[in-house]
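Please treat every number below as a calculation from the coordinates, not as lab data. Predicted, not measured: the structure shown is a model, and the values here were computed from it. Virtual Cβ from ideal backbone geometry, glycine too; neighbours counted across all protein chains shown.
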Amino acid sequence: MSAWGKVGAIRRTPGLQAVFVYRFGRLLDSRKKSIAVWPLLAVGWIVYALAAAVVRKGYGIRLSLSADIGPGFYVGHFGGVEVINCRLGQHCSVGQQTKVGRDGQIDGPRIGNGAWIGAHSKVFGPVTIGDNVTIAPGARVTKDVPSRSLVAGDPGRIVSRNYDNARILPPI
């Protein structure tokens, strides 16, 4: 793919734009101890604040800087997505109207690599979700989930303990 093709992909994909803005904010946050770059940081934080406001208001995606999101994060659909005070591993994916973590919550969810979180799902509390877990649409997870599990329902229950989500997400 050419450079212009990549720019076009960013322009057409709201989830990718939200992740780009999140990564920019995390970069600014990581540089705040370098006194030499403070003048640039002031401008950077203004740009970040404007871009984050556009992403939140325009697309309904809130990726808080308090979340630690691994590489390969994918937001498939926009609208009502909130990722706050949590840790997501590599190659995770979330659907629309998904909430992971809460404001004011110190110990948020810890989600492993390759997790797929379906639309309208909620993951709250100090829970640990293993690698390659699939959370069905509409599930509400408040308890720990072992790796390679399928969780469904409200409250979330493990439906399958050896579930392969490779059809949904490519293996890591």
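Quick notes on this one:
- Cut-off under 5 Å, modelled amide H: who pairs with residue 62 long-range: 81, 82, 83
- Axis of helix 3-12 versus longest Cα principal axis of the chain: the two differ by about 70°, to the nearest ten degrees.
- Our Cα-only numbers for the range 3-160 put the radius of gyration and Dmax at 16.2, 54 Å.
- Ranked for footprinting exposure by Cβ neighbours inside 10 Å, fewest first, 30, 160, 66, 93 give 30, 160, 66, 93.
- Fewest-first ranking of 50, 63, 41, using other Cβ atoms within 10 Å as the exposure measure: 50, 41, 63
- Chain lengthening between residue 50 and residue 159 when straightened (0.36 nm per residue, less Cα-Cα): 35.0 nm
- Cross-link partners for residue 57 among the aspartates and glutamates, with Cα-Cα distance under 13 Å and sequence neighbours closer than 8 places in the same chain left out: 82.
- Top of 143, 33, 122 by mean-square fluctuation, Gaussian network on the chain, Cα under 10 Å: 33
- Overall, the chain carries a charge dipole of about 260 debye about its Cα centre when +1 sits on the Cβ of Lys and Arg and -1 on the Cβ of Asp and Glu, all other atoms neutral.
- Only one residue of 76, 54, 146 has its Cα farthest out toward the positive end of the dipole of the range 3-160, where Lys and Arg carry +1 and Asp and Glu -1 on Cβ, and that residue is 54.
- Note on residue 37 and residue 168: the extension gain reaches 43.0 nm, defined as 0.36 nm multiplied by sequence separation minus the Cα-Cα distance.
- Cα centroid separation - the range 48-92 against the range 116-172, whole Å: 19 Å
- Of all DSSP beta bridges confined to the range 3-160, the antiparallel ones make up roughly 10%.
- Neighbour-count order for 47, 100, 127, 145, fewest beta carbons within 10 angstrom listed first: 47, 127, 145, 100
- Ignoring lysines fewer than eight residues from residue 122 along the same chain, the ones with Cα atoms less than 17 angstrom from its Cα are 99, 143.
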